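The values are calculated or read from the model by the stated rules, or taken from the named source; none is laboratory data. What you see is a predicted model; the values in this text were computed from it and never measured. Heads up, the Cβs are rebuilt from the backbone with ideal geometry, glycines too, and the neighbour counts pull from every protein chain shown. The accessibility values were calculated without ligands, DNA or RNA, using every heavy atom of the protein model including side chains. Shrake-Rupley method; radii C 1.70, N 1.55, O 1.52, S 1.80 Å.
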Amino acid sequence: METFFEMNFWEMMLRTTISFIVLLVLARLLGKKQLSQLTFFHYITGITVGSIAAEIASQHETPFLDGLIALIWWTALTLLMSYISLKFPTFRTWIDDEPTIIIKDGEISTKSLKSARLHMDDVLMMLREQSIFSIQDVHYAVLETNGELSVMKKVGFQEATKQDIKVPLTLPLFMPSEIIADGKIVKKNLDELDLTEEWVMKKLRKHGVDSVSEVFYAQLQTNGSLYISLRKNGI
């Protein structure tokens, strides 16, 4: 009996490890679009892939090879659908649907609500999530393919920009980026920003820091300055 349980344990460990590695590889193949779950199709595909992997790892009755083939084949079908949808826009609309205009020129489209199977309570909730409490403030509202509501406010309710209030515009020199993490320079980011380690050290010395190891975190700001958080008590 003990040998039987021991065999089951090690078999489960092996199945879980292999499933984990295969799932990791397949997730990389599916890419960032799948990760972001842009549409309902991607959402259910992600759930299904995870469910198949969990079934392979935990269910002793499920033939391991059959489950593995099902997981790989499901991923292949997902990649195939993504490729076809890239080549044929009509097919993409059939798979992913298309955005639906819920409010147009401040008027609610009852036809769109019905086709999207939305209640006004749902629309009002999604508006409140964007700090909009009155439909009168809305010029356009579009229900995206991922189920989120994109809103364009009426001109009088839009936030003022620097252009609106005639403030001089200055373009950012850099995109905020991680330069030092846990006492180590992030060389990849430096290369992308066309900066050098000497430049970083010069910036650090201006803040009275002599060594990168003294820094817990440093971020490059849009104006070229550094936000620096030092290690505390050597931690």
Exercise for the section: Among the residues of segment 59-81, write down those that are part of a loop (DSSP other than H, G, I, E, B) and open to solvent by 40 Å² or more (accessible area, probe 1.4 Å). Expected result: Q59, H60, E61, P63
Problem - Residue among A160, A141 that is among the small types (G, A, S), farther than 30 Å from A218 by Cβ and surrounded by 15 or more Cβ atoms within 10 Å (Cβ to Cβ) - result: A141
Exercise for the section: Spot the failing condition for F174; the list is (1) open to solvent by less than 70 Å² (accessible area, probe 1.4 Å); (2) within 24 Å of the chain's Cα centre (by Cα); (3) over 30 Å from Y227 (Cα atoms), and only one is missed. Expected result: (3)
Fill in the blank from the handout: Checked pairs for segment 84-110, first farther than 17 Å from D122 by Cα and of a type in the set (F, W, Y), second in a loop (DSSP other than H, G, I, E, B) and open to solvent by 40 Å² or more (accessible area, probe 1.4 Å), C-beta under 8 Å and 6 or more apart or across chains, list as none
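Would you be able to tell me the number of residues in segment 81-123 that are under 29 Å from G50 (Cβ atoms) and at pLDDT 85 or above?
6
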Fill in the blank from the handout: Checked I52, I56, I132 against criteria (surrounded by 11 or more Cβ atoms within 10 Å (Cβ to Cβ) and assigned to a loop (DSSP other than H, G, I, E, B)); the one match is I132
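If you take the residues of segment 99-119 that are charged (D, E, K, R) and open to solvent by 100 Å² or more (accessible area, probe 1.4 Å), which of them is nearest to I135 (Cα to Cα)? Give the derivation first.
Applying the first criterion (charged (D, E, K, R)) to segment 99-119 yields 104-105, 107, 111, 114, 117.
Cutting the leftovers down to open to solvent by 100 Å² or more (accessible area, probe 1.4 Å) gives us 104, 107, 111, 114, 117.
On the way: K104: 11, E107: 9, K111: 17, K114: 18, R117: 19 Å.
Restricting to residues being charged (D, E, K, R) and open to solvent by 100 Å² or more (accessible area, probe 1.4 Å), the top hit is E107.
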